Amino acid sequence: MKTLAEIAAQLQGYDPQALSADAVNDFLTRLVEPVAGTEQVGVFEALGRVLSEDIVSPISVPPHDNSAMDGYAFDAAQLRAGAPLTLEVMGTALAGKAWQGNIGEGQCVKIMTGAIMPPGLDTVVPQEFTQPAGQARISIPPNLLQPGDNRRLAGEDLTHGKPALHKGARLGPAECGLIASLGLQSVAVHRRLRVAYFSTGDEILSLGEPPREGAVYDSNRYTVFGLLTRLGCEVIDMGVVRDDPALLEAAFREAAAKADAIITSGGVSVGEADYTKAMMKKLGDVAFWKIAMRPGRPMAVGRIGNSVLFGLPGNPVAVMVTFLAFVRPALLRMMGSTETQPPLLKARSAEAIRKKAGRTEYQRGIVTAAPDGSLHVCTTGNQGSGVLSSMVRANGLIVLHHDQGNVAAGDEVDVMMFAGTV
Ligand code: AMP
Ligand code: MG
């Protein structure tokens with residue numbers, strides 16, 4: 001494990017007082033590692049987990065050539081351009097068992113979707129395209145089919161002996177279905193990441209406490225809980241911790257003993273007259289950053305014991321934005337995932353946006369599709385870092401990059417869609 005100073009020494013132009021968003025991600029990639037420890041879990045339990053080994057297909061899927069339609073299977077060598085083809089129906093092939101029988105010239109088999117293609121037959125004419133042509137006979141109109149139409153090939157989805165999924169894949173509904181299609185009852189995954197979090201600040205009220213002048217209810221605890229739960233982490237909720245050295249020390253020690261990562265909110269900005277920063281410094285190897293970003297800016301990062309610390313700013317929007325931009329990719333890496341950065345989408349800005357070059361701005365955006373399918377985005381209005389309703393209205397963050405300047409109406413901008421993360 002490298003110390004913060006060792007990581008900093010590897011980075012060109014590392015300036016904790018003015019760190020770019022890219023430099024933050026670069027630093028965090030070097031700070032965190034995938035957790036050791038794997039387990040074998042059933043396919044239902046595998047949802048949201050990260051594979052710790054490649055999965056090599058033990059079988060081919062589908063196992064046999066089969067029909068993609070309800071219709072009639074026949075040998076397409078008999079098709080003649082411009083002429084209908086009339087065939088005698090010799091029987092019915094049902095899904096789940098092989099049809100027994102021999103087929104010759106001028107004959108076909110009625111076949112159901114998923115049924116094995118009888119030997120020698122390569123094409124299926126869908127039921128609705130055929131016409132009756134007397135007792136047990138059908139006619140196929142001319143110029144309708146190509147050889148191989150409506151036949152699924154054995155192994156066209158997954159091939160026996162080839163990798164089906166790679167180590168580091170996060171398992172969603174499609175992946176779980178795919179694993180089941182291979183007949184696998186369980187898979188090897190990284191153990192669940194344990195993340196402890198608490199809010200700090202004497203002005204922060206827990207739910208159930210009566211309102212008090214100058215105090216606000218703790219919302220960060222709930223947004224962080226939601227973000228971590230969506231990510232598939234095991235959460236350790238430690239509530240609000242008062243600005244008292246003994247309580248803070250106990251909280252940090254407990255969190256470090258129980259969790260792989262600790263997330264706090266509040267108490268890391270410059271003017272803080274509280275004990276949070278002092279306690280982080282006392283108990284761990286922690287750097288205090290000013291990030292060239294908006295919202296956000298102050299953030300503490302480091303290690304306390306064997307846990308990675310993310311000391312987020314207090315403002316509710318800044319918490320969510322710094323989580324999505326930096327903490328989420330770092331936690332995904334710790335979870336063993338190889339895909340840690342969300343893809344950005346391009347959308348046309350419906351409005352001019354003022355933006356200073358030299359910092360990254362994450363504006364709350366509402367992306368909509370125009371009737372022609374093009375994507376447009378408008379901001380949610382008030383972009384204050386405490387305006388949590390802007391996150392509620394938004395469906396993504398407009399990412400205005402470090403070197404980018406003002407945006408004119410109609411310009412293309414990048415958007416990090418929330419899609420299941422928020
Ligand atoms: P700080 O980073 O501690 O200076 O806090 C910045 C702002 O965020 C202050 O207005 C705090 O009251 C507010 N804040 C801090 N923690 C929370 C929290 N857990 N829930 C809601 N607001 C908070
Ligand atoms: Mg504070």
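The figures follow:
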item	result
Calculated SAXS-style log₁₀ I(q)/I(0) at q = 0.12, 0.14, 0.19 Å⁻¹ - region 202-351, Debye, Cα scatterers	-0.52, -0.70, -1.27
The chain, helix-only ellipticity at 222 nm - DSSP H runs n ≥ 4, -39,500 (n - 2.57), divided by all residues, nearest 500	-5500 deg cm²/dmol
Net charge contributed by nearby residues that have their C-beta within less than 14 Å of Asp65 (K/R +1, D/E -1)	-3
Whole-number percent relative contact order across the chain, with pairs defined as alpha carbons under 8 Å at least 6 apart	17
Under 16 Å from the Cα of Lys97 - lysines, other chains or at least 8 residues apart	Lys110
Least to most buried among Asp274, Asp403, Asp414 (fewest other Cβ within 10 Å first)	Asp403, Asp414, Asp274
Amide H partners (placed H, <5 Å) of Ser20, local residues excluded	Ala292
Net charge of Cβ neighbours under 13 Å - reference Val35; Lys, Arg +1; Asp, Glu -1	+1
Size of electric dipole in region 1-141: Cβ of Lys, Arg +1 and of Asp, Glu -1, about Cα centre, debye, nearest 20	580
At most 11 other Cβ within 10 Å, DSSP loop - GluC sites (Glu not before Pro), region 192-281	Glu213
Amide hydrogen neighbours beyond the local backbone of Gln107, cut-off 5 Å, H modeled	Glu88
3J(HN,Hα) from dihedral phi, region 77-90, Karplus parametrisation 6.51/-1.76/1.60, rounded to Hz, x for glycine, proline	4, 7, 5, 10, 4, x, 10, x, 10, 9, 9, 8, 8, 9
P(r) histogram, all alpha-carbon pairs of region 296-408 included - 10 Å bins from 0, percent	13, 38, 34, 13, 2, 0
Phi-based couplings in Hz for region 116-133 (Karplus 6.51, -1.76, 1.60; Gly and Pro marked x)	5, 5, x, x, x, 9, 10, 9, 10, 9, x, 2, 5, 8, 9, 10, x, 9
Proximal charge balance of Phe418 [Cβ under 13 Å; K/R count +1, D/E count -1]	+4
Chymotrypsin sites (Phe, Trp or Tyr not before Pro) restricted to DSSP loop in region 37-132 with at most 11 other C-beta within 10 Å	Phe44
Long-range tail of P(r) for region 345-417 (Cα pairs > 15 Å, %)	50
Largest to smallest principal axis extent of the C-alpha atoms in the chain, angstrom	93, 50, 49
Electrostatic dipole magnitude of the chain [Cβ: Lys, Arg +1; Asp, Glu -1; Cα centre; debye, to 20]	480
Long-range amide H partners of Gly168 with built H, under 5 Å	Leu51, Ser52, Glu53
Estimated vicinal HN-Hα couplings, Hz - region 136-148 in sequence order (Karplus 6.51, -1.76, 1.60; Gly, Pro = x)	6, 9, 10, 10, 9, x, x, 6, 9, 10, 10, x, x
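Each reported figure results from applying straightforward, stated rules to the coordinates on display, with no laboratory input. Values in this document were obtained by computation on a predicted structure and should not be read as measured data. Here the Cβ is made from the backbone with ideal geometry for all residues, glycine too, and neighbour counts use every protein chain on show.
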